[in-house]
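*Asks:* Structure provided below as C-alpha cells; questions to follow.
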Amino acid sequence: MIFSLIILKTKKLLKIFIPPILLDGYRALRQATGANRGELAGVVHLVGDFASWQEAASHSSGYDAEIILEKTKDALLKVKNGEAAYERDSLLFDRAEYSWPLLAGLAWAAARAEGCLNVLDFGGSLGSTYYQHRAFLSGLREVRWNIVEQPRHVEVGRRYFEDEHLKFYASIEDCLADTHPQVILLSSVLQYIPNPYELLEKLPALPCDALILDRTPFYNGARDWLCVQHVPVQLYQATYPVWIFSKERFLAHLRQHWDVMAEFPSLDELPAPVQAAWQGLIATKRKESQYG
C-alpha cells in the first residue's frame, strides 16, 4: 500500500519533459536556439514500418559511436567533478532532474536489503543514471552500481569513472562472477537491440529478484512495430532501428516469470507512426522462477 502511494505521488511530480536515449538534448537545444516545444516537434522522430531488424538497418545510416562516447565521457567528467549538475546525451544541464518512480523502485529494493542497493544496469553507458540520482542514493547504507556495456564503454568507464560504487563489465556473466545484484535496470535499452525478447528470456535465471524498466515505448497494437529513429545534426546526425513494443504482447511475455507491482509513465515523448507512450514498470520475480 505504501509503495503504491509513493508511485501515485511521484506521478504528480513528473512535470519535466525529458526525451529518450540519444535525444535528451531537446532542452539544451531549446535553450541554445530559443525554440519552444512546438517548434521542436518532429525534429527527432520515428518513421516507417519494417518487417525485420535487417530491413530497418538497411534504411539507417547508423551513428559514430566513438564520437558519441567521447562527448559523453567529457560531459560526465564535469558532472563527476562537480562542474555540472546533470548530463543527458553528452549535454550538460545546470540543475539535476530525477526519475521519481525509478528512485521509488530503487529505494524499495534497498529497504528490502537493510539499506543496501546492488544494481545491474544493462546498457547504462558511462553511468548517466547513477550520476543523475546519486544525491539520493548517497543516503543508503551501501550502494554498488554495475554497468554492463559494450567493450569500448567498459574500457572508458573503468579508466575514468570506476570507483568503490560504480563498476563496469563487458557481460552479465562477468558481473555475476564479481557481485550479486538484487535489481536489474533496463532504462531506454530494450528498444535499441535486435532481439529484446531473447534478453528478457535470460533475466529470470539471474540472481536478481527485482526488475525496473524505464523509458520504453509501447502502443496498443497486437504486434511490435519496427521503425527507424532520426536524430538531427543539431544533436548529432544519425538514424538507426528502434522497436515500439505491443504492450499486450510485452506484458504477456514478462508475466511468465515476473509479477508487475507498478506501472508508470516515463518522461519521454517522441513523434512516431503509431500512438506510442514511453513507460516504465517495477516487477518482482515469481518464486517458481527464482535463481537456483
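*Asks:* Modelled with pLDDT under 90 and small (G, A, S): which single residue out of A65, A57 fits that description?
*Replies:* Going through A65, A57 in turn, the sole match is A65.
*Asks:* Further, regarding this structure: So which of E142, E198, E149 is at pLDDT 95 or above and farther than 27 Å from L226 by Cβ?
*Replies:* Criteria check complete, one pass: E142.
*Asks:* Just checking, does the range 152-175 include any residue being assigned to a loop (DSSP other than H, G, I, E, B), closer than 24 Å to D64 by Cβ and acidic (D, E)?
*Replies:* No - not one qualifying residue is present in the range 152-175.
*Asks:* Of all residues in the range 242-270, which are modelled with pLDDT of 95 or more, closer than 15 Å to G280 by Cβ and of a type in the set (G, A, S)?
*Replies:* A262, the sole residue that qualifies.
Residues are listed down the side, and each one gets a yes or a no for (1) buried (at least 22 other Cβ atoms within 10 Å of the Cβ); (2) closer than 20 Å to W100 by Cα:
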| residue | (1), (2) |
| --- | --- |
| R144 | no, yes |
| G157 | yes, no |
| D178 | no, no |
| A205 | no, no |
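*Asks:* Got at least one residue in the range 114-131 being without any contact (Cβ under 8 Å) to a residue 12 or more places away in the chain, at negative phi and not hydroxyl-bearing (S, T, Y)?
*Replies:* no
*Asks:* Right, something else. Report the residue count in the range 97-119 for those that are under 19 Å from L166 (Cα atoms), aliphatic (A, V, I, L, M) and surrounded by fewer than 16 Cβ atoms within 10 Å (Cβ to Cβ).
*Replies:* Residues flagged as under 19 Å from L166 (Cα atoms), aliphatic (A, V, I, L, M) and surrounded by fewer than 16 Cβ atoms within 10 Å (Cβ to Cβ) within the range 97-119 amount to 0.
*Asks:* Touching a Ser or Thr at 6+ places or on another chain (Cβ under 7 Å), farther than 19 Å from V119 by Cα and part of a strand (DSSP E or B): which single residue out of Q191, Q229 fits that description?
*Replies:* Step by step, each of Q191, Q229 is checked, and only Q229 is touching a Ser or Thr at 6+ places or on another chain (Cβ under 7 Å), farther than 19 Å from V119 by Cα and part of a strand (DSSP E or B).
*Asks:* One residue is enough: does the range 109-121 have a residue meeting the conditions under 22 Å from A65 (Cβ atoms) and in contact with a Leu (Cβ under 6 Å, 6 or more places away or on another chain)?
*Replies:* Yes, that holds for at least one residue.
*Asks:* Then there is this: Please specify each residue of the range 121-151 satisfying the condition of being touching a Phe, Trp or Tyr at 6+ places or on another chain (Cβ under 9 Å) and not in a helix (DSSP H, G or I).
*Replies:* D121, G123, G124, L126, G127, V143, W145, N146, I147, V148, E149
*Asks:* What single numbered condition from (1) touching a helix residue (DSSP H, G or I) at 6+ places or on another chain (Cβ under 7 Å); (2) more than 20 Å from K71 (Cα to Cα) fails to hold for R134?
*Replies:* It fails just one condition, (1).
*Asks:* Which condition number in (1) in contact with a Gly (Cβ under 6 Å, 6 or more places away or on another chain); (2) within 26 Å of G105 (Cβ to Cβ) is the one that C227 fails?
*Replies:* Only one criterion in (1) in contact with a Gly (Cβ under 6 Å, 6 or more places away or on another chain); (2) within 26 Å of G105 (Cβ to Cβ) is unmet by C227, namely (2).
*Asks:* Report yes if some residue within the range 243-252 is over 19 Å from the mean Cα position of the chain (by Cα), surrounded by 14 or more Cβ atoms within 10 Å (Cβ to Cβ) and outside any loop (DSSP other than H, G, I, E, B); otherwise report no.
*Replies:* The answer is yes; a qualifying residue exists.
The values are calculated or read from the model by the stated rules, or taken from the named source; none is laboratory data. Here the structure is a predicted model, which is why all the values come from computation and not from measurement. All Cβ positions, even for glycine, are placed from backbone atoms using ideal geometry, and neighbour counts span all protein chains on display.
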